[in-house]
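One structure is given below, encoded as structure tokens.
The values are calculated or read from the model by the stated rules, or taken from the named source; none is laboratory data. Not measured: the values here are computed from a predicted model. Because the Cβ atoms are built from the backbone with ideal geometry, glycine has one as well, and the counts that use them run over all protein chains shown.
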Amino acid sequence: MLPLLLAAEGCSVVLQPGEAQCETTADCEARGFAGSICTANVCEKAQVIDPVWGCLGNVVEPVPDPTKKVTLSVNLTFAADKSPVAGATVDVCEKLDLGCTGTNPDTPKGLKSAADGLISFKVAQGFDGFIRVTSDQTVDSRIFVGRPIITPPAVKSVRLLSPNDFSLLVSFAKETVDPTRGSSILLAVDCQGLAAGGARFESPSVDTKSREFYLINQAPTTPPAATQTDVDGFGGFFNMPVGSAVARSIRAADDAHIGESSFHVLANTISYVQIAPTPK
């Protein structure tokens, strides 16, 4: 009986009828099939998944269990020098609770950031709201989680702006602050939950008075000088109209959809929004 030539994705070996090519992945290595795995007694090339963008187009959002709690810990720091924002008042709010007046014990109010800027609290799995931060040292801020919380986010620090630093930021972008409008600072993250370079932002919620920007080397830079994020993943829009808003992140290299998040814009307030990969 003639030997059988068995091939699988670039792996081939001459076998006698009924002879298994492998029993373990180590057998594949021994036969010279580096980077292959043993599947049904055949050495097959292992599929390499891009950890940064491999989830795009295949994002499946897990179903939250609201009976479980997730601990969120974040350091509030000043954007200018990364020193801690101590003594800020922190309120946890449902997304539709615009006045942040809800009394649900799962959304605690009146928390204070510690001397090192740390604030820590628990929310129910599936929380999809925002954290209101007020302090006489910072511009009023709302930090939106972006998507329902299932596990603690990889981002552990939020850089807040003092009124003076915000004015400098806006003037550096050759804009002026309209106190009847609000601004957004967006963070694009990849499939690992880490800051994503090479992403651009768009929003159907902006108008002709709004201005797109990207933080390049931490300096606000507007198009056409900058049209995508650097390694820190930050950008946003100055002077957005007050009301409900949506922002999207898009991979600049090929216009692939990364994700989108909804949030609220308030007058004279900065909305911080994380945009993670989402189903298109």
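Things worth noting here:
- When the stretch 247-280 is limited to residues that are under 12 Å from Gly182 (Cβ atoms) and of a type in the set (Ser, Thr, Tyr), the one that is surrounded by the most Cβ atoms within 10 Å (Cβ to Cβ) turns out to be Tyr272.
- Test: residue in the stretch 135-158 that is without any contact (Cβ under 8 Å) to a residue 60 or more places away in the chain, crowded, with 20+ Cβ neighbours inside 10 Å, under 17 Å from the mean Cα position of the chain (by Cα) and closer than 27 Å to Glu212 by Cα: no
- Note on the stretch 11-118: enclosed strands (runs of 3 or more DSSP E) holding 1 or more residues that are of a type in the set (S, T, N, Q) and modelled with pLDDT under 85 are 11-15, 36-39.
- The criterion of at least 3 residues that are under 25 Å from Val133 (Cα atoms) is met, among strands (runs of 3 or more DSSP E) falling completely within the stretch 155-208, by 157-160, 182-188.
- Qualifying strands (runs of 3 or more DSSP E) (wholly inside the stretch 229-280; at least 3 residues being aliphatic (A, V, I, L, M)): 243-251, 256-265, 270-275
- Residue check, Phe172 assigned by TED's automatic domain parsing to the domain that holds Gln137 and surrounded by 20 or more Cβ atoms within 10 Å (Cβ to Cβ): no
- Top-ranked residue in the stretch 84-118 [being β-branched (Val, Ile, Thr) and within 26 Å of Pro62 (Cα to Cα); ranked as nearest to the chain's Cα centre (by Cα)]: Val92
- Qualifying residues in the stretch 205-217 (those that are of a type outside the set (Lys, Arg) and farther than 17 Å from Gln274 by Cα) - the one surrounded by the fewest Cβ atoms within 10 Å (Cβ to Cβ): Thr208
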